[in-house]
Amino acid sequence: MEELQTLLQHEFGFENPKIEKLNGYFNINYLVSDPHTSFILKTYPFDQELFDTLEAETQVLIHLQTLSKDKYPRPISFANGEFLQVFNLNGKNTIGRLLSFLNGSFLGDTPASPSLFASMGRFMGELDRNLEGFSNYVLKARTLDWDIQHLNLNKKLITDIPLPSDQNLVRYFFFNLKNT
């Protein structure tokens, strides 16, 4: 954590921030707090393609800031004015970025309810509308297995479903996708 303390001090001017490691999907995130506010430091193993994707995501976040500042994380620039930086962390080249922290609950920790679904629908509709006209070639070129247009990439995961009857149900829907 001492390396992170030094990075945060030199790059963002933190005096003595509290740093708490958080769970991440394929990266390591940290909640960085000082007496006044909190931020999220996101770190990723260096890969040029990933760097380009994160750069594109940053452009999206900056675009969204012009429309609604309190609903989306705000990128915070490093001392050199850039929003992404590659640095050495624990002996490895690491991509890092700092984002403003948004208070709230994780969706997975929130009980499902009609009002939650309605709220999510409104938010997603607003997000879609706010991104209308925004274009980035890096984001357009991505193929992600959780993107509904690339659903077939998930066929390989059917055997991960514990119950054979559920596996067959999913196979049925994949079969019907081919026949539409």
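The values are calculated or read from the model by the stated rules, or taken from the named source; none is laboratory data. In this text the structure is predicted, and so the values were computed from the model without any measurement. Cβ atoms come from the backbone with ideal geometry, glycine included; neighbour counts cover every protein chain shown.
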Kindly provide the set of residues from the range 35-56 that are outside any helix (DSSP H, G or I) and either surrounded by 18 or more Cβ atoms within 10 Å (Cβ to Cβ) or under 14 Å from the mean Cα position of the chain (by Cα) (or both), ordered by number. 39, 40, 41, 42, 43, 44
Please verify whether the range 66-73 includes one or more residues that are among the polar types (S, T, N, Q) and surrounded by 12 or more Cβ atoms within 10 Å (Cβ to Cβ). no
Can you tell which of 61, 67 is in the same structural domain as residue 99 (by TED's automatic domain parsing) and in contact with a helix residue (DSSP H, G or I) (Cβ under 8 Å, 6 or more places away or on another chain)? 67
In the range 99-117, what residues are under 16 Å from residue 32 (Cα atoms) and surrounded by 10 or more Cβ atoms within 10 Å (Cβ to Cβ)? 99, 100, 101, 102
Quick one: would you say residue 130 is surrounded by 10 or more Cβ atoms within 10 Å (Cβ to Cβ) and either in contact (Cβ under 8 Å) with a residue 40 or more places away in the chain or of a type outside the set (Ser, Thr, Tyr) (or both)? yes
Report, ordered by the first and then the second residue, all pairs with beta carbons closer than 7 Å, sequence separation of six or more or different chains, a first member in the range 43-55 that is closer than 12 Å to residue 84 by Cα, and a second member that is charged (D, E, K, R) and loosely packed, with under 14 Cβ neighbours inside 10 Å. 53/142
Please go through the range 133-174 and give me each residue that is under 27 Å from residue 56 (Cβ atoms), free of Cβ contacts under 8 Å to residues at least 60 places away in the same chain, outside any loop (DSSP other than H, G, I, E, B) and hydrophobic (A, V, I, L, M, F, W, C), ordered by number. 141, 148, 151, 153, 157
Note on the range 32-51: residues under 25 Å from residue 135 (Cα atoms), of a type in the set (D, E, K, R) and modelled with pLDDT under 95 are 47, 49
So if I check each of 125, 96, 81, 121, which one is surrounded by 12 or more Cβ atoms within 10 Å (Cβ to Cβ), of a type in the set (Gly, Ala, Ser) and at pLDDT 90 or above? 96
